[in-house]
Amino acid sequence: MSLIKILWESAFSPRLFKYHETSWKTYEPNSFERWGDHVITSFTAIWSISLYALPFIATFMYRRSYSLAENAYTFSKLIAGAGVLLIASLAMRGYARANNPTYVKFLKTLNKARQAYNYESKQDLLKYDFEFWAWPKDFEVVSLDRPDGRKRIVLQKSFNRSTSGSGKNLIFAVPCKLVSYIIANTVALKLMYPGSMTLINMAMKSAMLQGRIDLLDLGGQRSKLLTFNKNEIDTMFIDRRHKSSNGHILVITCEGNCGFYETGAMSTPLNKGYSVLGWNHPGFGGSTGSPFPDAEIDAIEAVMRFAIEKLGFPEERIIVYGWSIGGFTATWAAMNNEGINGLILDATFDDVLPLAVARMPTTIDSLVRMVIREYLNLNVAEQLKRYNGRILLIRRTDDEIMCTPTNSLSDNRANALLKKLLMHRYPVLFADCRESLEILSKYLESPHDSSDNSTKSLASRTERLFSNAKPLNESLCIEIIKNNLEKNNKLEYPSTLGENCDSETKQQLIIYLANKYMEDQVSQHCTPLINKLFHPGWDPRSLIQTKTT
């Protein structure tokens, strides 16, 4: 490689953070490279906010009564000076890197991977941690047509403002639409997904770097996925196949609104010995784009297809784990991949709208509803209803995020999610039984610490729940469910469970099912899920499994 080419490539190549020899070491740029990086980073930051700052600068210059000629002359001098400084910084950075043997070796490894990206060159590249934009593409979704021929399901927006009526209504609708669009693309998106903010990413940089190194030390494979809309998704895969009893099952984690795979939900399934695939939302960490619902859907589809088509995990050996706002992408993945092994929804909600309305001033209630339904409509419950596999809901008893309108356990949004799930799957249990929802609500008012080995039995916890003052008869519930499954020869929803049962028996079945579908962890929202509670969930068919020969 010629000196000129090395200088040129070094100036425009990615920043190197760490490299691995016998152990991971921090890359130490010399003072010239460090200075060049600071200047270039500052220019990038200024460019990113220039569109927002331009109106203020123009107003200032106008108030100072600068003439057009003076403005043009001053502006041209600033541009020329900035250009000289930028070119000098690039040249200095390129020269410093070209004379650093560590960086030159990294650059050769990167160029080799770009020219022939295969298993060998990727393993060499995994010995370096650098800016993700330069990472080669590992997988790309080139078509929405899936190999199995199934069409993907995307639920329609539920907000429909009537366009009929007088011309006056139409005149007012246009500015409302414009205002809601601006708010959705600025304030609302950042409030809903703070992890996409540049400042948050900068603040988390050190923690993310260390988390990434820890995962690489576990044998992690970092990969870049390209979505159908050309967003780059940063992923990390830990392969435990042939290494642990759970390794043949892949857990795909969907992080919260300020969570990154480097520091987030991957730890619990890893502790249980599963293979794990983590990914960052669009706009988080190394991923590009913005986390609007459409981009989120494209991202999780790329992750699922990567897991199935490239990593070789069939649907029946995949568990999708969604924490907090990650419940949206997790339920979408489950809705579109019916054959998965299980779905775990941890500390999530049924619909994001009640949470948004509760945290905004009542004076802008209608605007909040328009913004959410038009641009940020995360309706987890509606997607969950279209998945018929096994489900585990985890409720945090001291959740300070998911409780609205009050901070009491009875107002935890996981309760609403469970109710909607049970009413959809078992409608007969709620038909013509006015007390069914009341009994379920009363049951959900009290925490049930699933992590406590001394927890009282379900029967003892329901002694005073029913009108007849009798505890839950689990044996009766199991027998009724078994008979229903055997009668229908298969498991399908909505179920006919509860036909020919009296109201008291229906209520008992509801509480039995609620206990099976939901488990509690005594903790706040951001506490990691304990290992004991991580499992695929309850499958009713386990009650009628044939005896082994």
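The values are calculated or read from the model by the stated rules, or taken from the named source; none is laboratory data. Keep in mind it's a predicted model, so treat the numbers as computed, not measured. Cβ atoms come from the backbone with ideal geometry, glycine included; neighbour counts cover every protein chain shown.
Side notes on the structure shown:
- Qualifying positions in region 462-502 - surrounded by fewer than 17 Cβ atoms within 10 Å (Cβ to Cβ) and small (G, A, S): S467, A469, S475
- Residues located in region 214-260, provided they are over 21 Å from H20 (Cα atoms), touching a strand residue (DSSP E or B) at 6+ places or on another chain (Cβ under 6 Å) and hydroxyl-bearing (S, T, Y): T253
- Of the residues making up region 443-455, one or more are modelled with pLDDT of 90 or more, over 30 Å from G259 (Cβ atoms) and assigned to a helix (DSSP H, G or I).
- In region 138-150, the residues that are within 30 Å of F12 (Cα to Cα) and either loosely packed, with under 12 Cβ neighbours inside 10 Å or hydrophobic (A, V, I, L, M, F, W, C) (or both): F139, V141, V142
- For region 321-345, the set of residues classified as closer than 12 Å to M304 by Cα and of a type in the set (V, I, T) consists of T329, I340, listed by residue number.
- Residue that is surrounded by the fewest Cβ atoms within 10 Å (Cβ to Cβ) [pool: residues in region 87-129 that are in contact with a helix residue (DSSP H, G or I) (Cβ under 6 Å, 6 or more places away or on another chain) and over 21 Å from W24 (Cα atoms)]: K112
- Restricted to helices (runs of 4 or more DSSP H) entirely inside region 197-297, those with at least 2 residues that are within 20 Å of L126 (Cβ to Cβ) are 205-217.
- Residues in region 502-522 that are in a loop (DSSP other than H, G, I, E, B) and without any contact (Cβ under 8 Å) to a residue 40 or more places away in the chain: D502 only.
- Within the set L378, L444, L345, the sole residue that is touching an Asp or Glu at 6+ places or on another chain (Cβ under 9 Å), within 28 Å of V320 (Cβ to Cβ) and buried (at least 20 other Cβ atoms within 10 Å of the Cβ) turns out to be L378.
- Filtered residue count, region 298-339, keeping only those that are in contact with a Gly (Cβ under 7 Å, 6 or more places away or on another chain), within 24 Å of F132 (Cβ to Cβ), assigned to a helix (DSSP H, G or I) and of a type outside the set (S, T, N, Q): 3
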